[in-house]
Amino acid sequence: MSHAAGVTPTRQSERERALLSAAADGALRLDVSSLEPVDVLALGAFHRRPPTPARAALWFRHTGGRALAAGRDFMIVTLALPHRAALVADDPDALAPAQVLNRCVRGVLQALRNLGLDVVYPGLDLVTHQRRAVAAISFVEIGFPTLFQAIVAVRSSFAAIPLLLDRADPGGVVPAHFFGPEDASHLSAVLGTRGASHLEPENFAEHAARGYAQSFDLEPRDRALGDPAPTPRPHGVSGPPSAEVFSNPVARVHGRLGPVEACSRIVDGCVDGFTITGDFIAPHDTPARLASRLRGRPARPADVEEAVQAFFDEDRGYLLGLRNAEVVDLVQRSVGVAT
């Protein structure tokens, strides 16, 4: 395990790549960190990038999921695995994608419960206390190595997201789900000042390591985090969505995690360009693989559905947050041929 406080968003991304490098070599690594400055907007792997960030820093996560607050008043728990089922089995396919969050969050839940917090994982991507969100979780597979991440609200809540979006994305490029004050809380409000020290990265790393040891019969060891070897980045594979494609009409659906958008470019009756962005969890190269399946296909309902279904039939062909039929409908609407 490793820990660090006051990490810049750029350095946090480097730490994640180092964790993935270790996971690719077969290691199971746990890291706990906090970011600097106070105002940091955490964008998921599949969000569009605002063109000119203004009054808040941006952290481009490797994991998918929602746009979230993640500055100094939040804590980041990152677990790197050789494959998505490594906590429970040697076979990567021992866990279906929809089961990964349920298993990976258990160490975090146990750590918080050991501190006396009555937290619950009701499903999807949130951890709650008295039905108010106190942590958001996600994961990504980059080949076989898998990165699970929990952003824990320590001294501020996810109700800060609208303000951060206004500062970092004044043009409204990133659609997002908003939390009201009644929907979100933070752990310092529950633990009080006496428990605050337990929520600093150095101390919580010990609690988290103990939580995973209790949950999965592991033996934690303190280990410094080395420099990253080159590993694929989610944005480095499919690239940020092109402005050219997004100059066309955008189809949108509000999925179980939040808004998802798709946009297509049609040339001579066939799909020539495609991108999908927003609040979903998927393997890092999903936008590129979907675009490859669609490129050159006639812009007809049956052809589009066949192409999307072929993606879901592939190994690691999944997109959590939307049902398969919703993805088909979204892509068809982006192409302009919805049934």
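The values are calculated or read from the model by the stated rules, or taken from the named source; none is laboratory data. Predicted model, so just to flag it, every value in this text is computed and none were measured. Here the Cβ positions follow ideal geometry from the backbone for every residue, glycine too, while neighbour counts run over all protein chains shown.
Yes or no: segment 97-104 includes at least one residue that is aliphatic (A, V, I, L, M), surrounded by 20 or more Cβ atoms within 10 Å (Cβ to Cβ) and in contact with a Ser or Thr (Cβ under 6 Å, 6 or more places away or on another chain). No, every residue in segment 97-104 fails to be aliphatic (A, V, I, L, M), surrounded by 20 or more Cβ atoms within 10 Å (Cβ to Cβ) and in contact with a Ser or Thr (Cβ under 6 Å, 6 or more places away or on another chain). In segment 72-118, the qualifying residues are those that are touching an Asp or Glu at 6+ places or on another chain (Cβ under 7 Å) and assigned to a loop (DSSP other than H, G, I, E, B), and the one that is nearest to ARG15 (Cα to Cα) is ARG72. How many residues are within 17 Å of the chain's Cα centre (by Cα) and surrounded by 18 or more Cβ atoms within 10 Å (Cβ to Cβ) when one looks only at segment 7-57? The qualifying residues number 22. None of PHE178, PHE139 is within 27 Å of THR286 (Cα to Cα), without any contact (Cβ under 8 Å) to a residue 40 or more places away in the chain and within 19 Å of the chain's Cα centre (by Cα) except PHE178.
Within segment 110-123, identify whether any single residue is under 18 Å from the mean Cα position of the chain (by Cα) and surrounded by 20 or more Cβ atoms within 10 Å (Cβ to Cβ), and answer yes or no. No: zero hits. Within the set ARG223, ARG265, the sole residue that is modelled with pLDDT under 95, assigned to a strand (DSSP E or B) and charged (D, E, K, R) turns out to be ARG265.
Within segment 171-180, identify whether any single residue is part of a helix (DSSP H, G or I) and of a type outside the set (Lys, Arg), and answer yes or no.
No, segment 171-180 has no match at all.
Assess whether ASP285 counts as being free of Cβ contacts under 8 Å to residues at least 12 places away in the same chain and of a type in the set (D, E, K, R). So ASP285 fails the test.
Residues are listed down the side, and each one gets a yes or a no for (1) part of a loop (DSSP other than H, G, I, E, B); (2) buried (at least 19 other Cβ atoms within 10 Å of the Cβ); (3) in contact with a strand residue (DSSP E or B) (Cβ under 7 Å, 6 or more places away or on another chain):
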position: ASP272; (1), (2), (3): no, no, yes
position: HIS284; (1), (2), (3): yes, yes, yes
position: VAL304; (1), (2), (3): no, yes, no
position: VAL308; (1), (2), (3): no, yes, no
position: PHE311; (1), (2), (3): no, yes, no
position: GLU326; (1), (2), (3): no, no, yes
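Among the residues here, LEU58 does not qualify as out of contact with any Cys (no Cβ under 7 Å at 6 or more places or on another chain), at negative phi and not in a strand (DSSP E or B).
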